[in-house]
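Structure first, commentary second.
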Amino acid sequence: MYQAIEAISKSGIIQLLEPVQLEENEQLVVLRISKRSTHTETPVSAPSKDWRKFVGLLKLSPVFGDDPLAIQQEMRNDWD
């Protein structure tokens with residue numbers, strides 16, 4: 001089970017903002033949310049809008065090698 005617990009850091013020590021009962025040797029995950037970024041982000045190039053690069057990619061796929069109608073019917077049978 002996950003439970004969000006707010007805390008602050010004072011002089012490098014984590015202090016919980018509300019009392020929490022913890023078990024001995026309980027495993028915790030600490031997620032640091034900081035306004036300051038310690039790294040510079042690499043700019044992402046704009047995605048290509050040319051859909052033609054995807055044409056024929058699944059032609060040799062063993063998953064989609066059957067008749068498209070048969071594939072659809074098999075998928076629908078899995079829902080029943």
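The values are calculated or read from the model by the stated rules, or taken from the named source; none is laboratory data. Since the structure is predicted, the reported quantities are computational estimates derived from the model, not experimental observations.
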Residue within segment 14-30 that is at pLDDT below 85 and of a type in the set (A, V, I, L, M, F, W, C) present: no
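One line per residue, one yes/no per condition, for (1) hydroxyl-bearing (Ser, Thr, Tyr); (2) under 30 Å from Met75 (Cα atoms); (3) outside any loop (DSSP other than H, G, I, E, B):
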{"position": "Ile33", "(1), (2), (3)": "no, no, no"}
{"position": "Pro43", "(1), (2), (3)": "no, no, no"}
{"position": "Ser48", "(1), (2), (3)": "yes, no, no"}
{"position": "Arg52", "(1), (2), (3)": "no, yes, yes"}
Tally, over segment 4-24, of residues that are of a type in the set (D, E, K, R) and outside any loop (DSSP other than H, G, I, E, B): 1
